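A.B. asks: This structure is in structure tokens; I'll ask about it shortly.
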Amino acid sequence: MSIGIGIIGAGGISQAHAKGYMQRPDARIVAVADIFPEKAKAAAANWGAKHAFGDYRELLALKEVDAVSVCTFNQAHCAPAVAALEAGKHVMVEKPMAATTAQAWQMVQAARKSGKLLMVEMKWRFMPEILAARRAIQQGELGRIYYAEAIGWQHRGIPGGTFIQQQTAGGGALMDNGVYTLDAVLNLLGHPRPLTVSGTADNTFGHSPDGKWDPAEFSVEDFGTAYVRLEGGITLFFAHAWAIDFDEQWQMRIAGQGGSVELRPFGPGPKLRLRRGGYGDLQDADPGPLPPGSIEVPYAVGQFVEAIVQGRPSPVPGDTFLYTNLIFDGLYESSRWGREVPISLPG
């Protein structure tokens with residue numbers, strides 16, 4: 001079985017999606033669509049696709065397209081994803097899932113109605129160390145979990161283009177890269193529902209005159225923090241900055257009554273540290289052999305194709321991934337009002 005693939009959006013991230021599909025003998029890129037037709041034509045030529053369009057709806061009309069990758073800017077994730085699902089196509093959408101919870105909910109409803117796969121491209125879900133940590137938590141090695149944190153401090157990592165504009169990105173640092181640690185922790189915890197958020201979103205360096213972006217276009221946050229109450233009595237601290245006067249550091253930590261896990265994907269020190277024990281006998285433990293996996297986008301793309309071919313559920317379903325959007329929306333609202341706000345699923 002060979003899956004016919006359409007790629008919507010021919011920007012930078014689409015290259016990684018295309019690489020993943022071209023590595024698979026059971027997938028072939030059939031068509032490319034981009035709002036700039038010349039970009040679509042160039043990408044189609046590079047990837048051996050027969051069709052190139054300036055309108056994604058023409059791509060969705062092709063019977064030979066079985067599945068699509070949505071690689072547009074954030075605010076343009078929802079419309080093509082919903083249209084593709086309604087057209088009977090499986091969908092892989094880039095992170096973040098959507099610019100708002102309302103958009104994410106539309107996508108989930110469309111997937112449920114169509115019976116087709118909706119997968120968010122969250123490559124960290126397949127990181128071997130995260131898989132090992134999830135295994136330990138699922139086996140109860142941490143006991144009752146009461147605290148988690150998801151932190152990403154980028155020293156100087158402000159991007160440009162559509163990433164820094166509210167009308168295209170929907171959000172800034174939190175949604176762009178903060179989504180990696182936030183989703184990873186929620187996944188490790190088994191996706192407890194967020195109940196309330198108290199947060200702050202701030203533009204600290206966005207209007208600096210010495211950046212490589214146009215400060216006049218900067219309309220999103222470059223720094224944010226949140227205190228999130230999750231069901232089950234779990235407290236989550238979430239923070240991310242595109243730029244901060246610290247050394248670069250990404251970390252996820254989860255504490256239970258019987259131990260903890262710490263993940264630092266880019267160091268320093270071990271990527272995964274597992275501890276077991278109580279108040280008086282806590283000690284480092286061997287997490288066991290790492291499961292197979294990869295942090296690269298082509299690997300995630302491969303999981304999408306395999307799920308289609310083998311008839312398996314979505315490897316990263318939207319039903320729970322939209323919890324990240326719930327937290328983002330709540331954080332932004334809390335920052336505007338200066339107080340904790342309750343959050344709940346649509347419907």
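The values are calculated or read from the model by the stated rules, or taken from the named source; none is laboratory data. Since the structure is predicted, the reported quantities are computational estimates derived from the model, not experimental observations. In this analysis, Cβ positions are derived from the backbone assuming ideal geometry, glycine residues included, and neighbour counts consider all displayed protein chains.
A.B. asks: Hey, can you tell me all the residues within the stretch 306-340 that are over 17 Å from the mean Cα position of the chain (by Cα) and closer than 30 Å to residue 1 by Cα?
C.D. replies: Those that are over 17 Å from the mean Cα position of the chain (by Cα) and closer than 30 Å to residue 1 by Cα: 306, 307, 308, 309, 310, 311, 312, 313.
A.B. asks: Follow-up. Go through (1) surrounded by 15 or more Cβ atoms within 10 Å (Cβ to Cβ); (2) in contact with a strand residue (DSSP E or B) (Cβ under 9 Å, 6 or more places away or on another chain) one by one and return the number of the condition residue 293 breaks.
C.D. replies: For residue 293, the exception is condition (2).
A.B. asks: Starting from residues that are among the charged types (D, E, K, R) and within 13 Å of the chain's Cα centre (by Cα), keep the ones in the stretch 69-106 and report whichever is nearest to residue 2 (Cα to Cα). Let's see the steps before the verdict.
C.D. replies: From the stretch 69-106, those among the charged types (D, E, K, R) are 86, 89, 94-95; that's our starting set.
If we keep only those that are within 13 Å of the chain's Cα centre (by Cα) as well, we get 94-95.
On the way: 94: 22, 95: 26 Å.
Filtering the stretch 69-106 for residues that are among the charged types (D, E, K, R) and within 13 Å of the chain's Cα centre (by Cα), the one nearest to residue 2 (Cα to Cα) comes out as 94.
A.B. asks: Against the conditions (1) part of a helix (DSSP H, G or I); (2) more than 28 Å from residue 328 (Cα to Cα); (3) among the small types (Gly, Ala, Ser), where does residue 6 fall short? Just the number, please.
C.D. replies: (1)
Residues are listed down the side, and each one gets a yes or a no for (1) small (Gly, Ala, Ser); (2) buried (at least 21 other Cβ atoms within 10 Å of the Cβ):
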residue	(1), (2)
89	no, yes
94	no, yes
109	no, no
146	no, no
151	no, no
164	no, yes
201	yes, yes
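A.B. asks: If you scan the stretch 37-62, which residues turn out to be of a type outside the set (Gly, Ala, Ser) and crowded, with 18+ Cβ neighbours inside 10 Å?
C.D. replies: If the condition is that a residue be of a type outside the set (Gly, Ala, Ser) and crowded, with 18+ Cβ neighbours inside 10 Å, then 39, 41, 47, 51, 53, 56, 59, 60 are the ones that fit.
A.B. asks: What strands (runs of 3 or more DSSP E), lying completely within the stretch 22-102, carry at least 1 residues that are in contact (Cβ under 8 Å) with a residue 24 or more places away in the chain and of a type in the set (Gly, Ala, Ser)?
C.D. replies: 27-33, 67-70
A.B. asks: Quick one: in the stretch 107-150, which of the residues that are under 14 Å from the mean Cα position of the chain (by Cα) and in a loop (DSSP other than H, G, I, E, B) is farthest from residue 82 (Cα to Cα)?
C.D. replies: Result: 127.
A.B. asks: Does residue 220 fit the bill of being within 20 Å of residue 323 (Cα to Cα) and among the β-branched types (Val, Ile, Thr)?
C.D. replies: Considered against the rule, which asks whether it is within 20 Å of residue 323 (Cα to Cα) and among the β-branched types (Val, Ile, Thr), residue 220 comes out as no.
A.B. asks: Considering only residues that are polar (S, T, N, Q), part of a helix (DSSP H, G or I) and crowded, with 19+ Cβ neighbours inside 10 Å, which ones fall in the stretch 166-192?
C.D. replies: 181, 187
A.B. asks: Can you find even one residue in the stretch 49-60 that is within 18 Å of residue 301 (Cα to Cα) and assigned by TED's automatic domain parsing to the domain that holds residue 305?
C.D. replies: The answer is yes; a qualifying residue exists.
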